[in-house]
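The values are calculated or read from the model by the stated rules, or taken from the named source; none is laboratory data. The structure displayed is predicted, hence computed values, not measured ones. Cβ sites come from the backbone with ideal geometry, for glycine too, and all protein chains shown count toward neighbours. Heads up: the accessible areas ignore ligands, DNA and RNA and are worked out on the full protein's heavy atoms, side chains in. Shrake-Rupley method; radii C 1.70, N 1.55, O 1.52, S 1.80 Å.
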Amino acid sequence: RFGDAGLPFHAAEGSLLESSPHARGALQLSRLLSGDLSRSRLVEFMMSAPLAGAAAPGGGDLAAAWVRESALEGMTGERGWKAENALLAARLSREAAAGRGGGDPVSAAAMAGEIIEKITERGFGGGPHSWSSLAGTVSSLVESLFEEGAPRDEVCSAIDALSGLDSLPGVVSAANFPAFVERALSSPRGFTGIPGGKGVALLPVAALRGL
């Protein structure tokens, strides 16, 4: 055993982006926050992110129900996602009251409305930003929107680590920040050192390019 022999070692794992739906959802979220609110991007996020509260009482998926209902409604976001979703929610509520629809679509529109509101209210906006402000926005929304647990916390820690780049000269643009989130979540995880001793963090050269 390495531990018994006291030999230095490096134990590597795959990246978070490869193994964690929380990581992939966080990357999609950062793209939405940077201003890419296209339907394809929002649908990708809703369908693949591990959203808290997405399970319907009857066993269905509220995110999938919203994607279906929003497609039938012809929602594209051109008039603003909040306004379009409000119209969808109103129609679904009327249909449910008239006995023409179940409760899942109504709940789906309500869940999507909360998510859309948080994303649009916390969007990065234009101009330069500090690393810590953008990282904090993404991390706090991941905590707010995603299923809780160790995978979520690990992703938040990786994103929060970008705040350390405030010590470097200059600022970061909102448009470029998702690329750095992707790099942070793509870095291979591992530990190098002597068991029981201090480790040395390893980063691939690709993760440092452009800093």
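Please list the radius of gyration and Dmax for the stretch 99-157, considering alpha-carbon atoms only, with Å as the unit.
Using the Cα atoms of the stretch 99-157, the pair Rg, Dmax is 15.4, 51 Å.
Extending each Cα 7 Å along its Cβ direction at Ala97 and Thr76, get the distance between those two points in nm, one decimal.
Reported label-point gap for Ala97 and Thr76 is 3.0 nm.
Working only with C-alpha atoms, what are the Rg and Dmax values of the stretch 39-198, expressed in angstrom?
Cα radius of gyration and Dmax of the stretch 39-198 are 19.2, 68 Å respectively.
Along the stretch 155-162, what does the Karplus equation 6.51 cos²θ - 1.76 cosθ + 1.60 (θ = phi - 60°) give for ³J(HN,Hα), rounded to whole Hz, x for Gly and Pro?
Along the stretch 155-162, the couplings run 5, 4, 5, 5, 6, 4, 4, 5 Hz.
With a 10 Å radius around each residue's Cβ, average the other Cβ atoms per peptide and rank 107-115, 92-100, 80-88, highest first.
Going from most to least packed, we get 107-115, 80-88, 92-100.
Could you list which residues have their amide H under 5 Å from that of Asp61, counting only those 5 or more apart in sequence or on another chain, with H placed in the peptide plane?
Result for Asp61 returns Ala56.
Any idea of the accessible area per residue across the stretch 111-159, 1.4 Å probe, to the nearest Å²?
43
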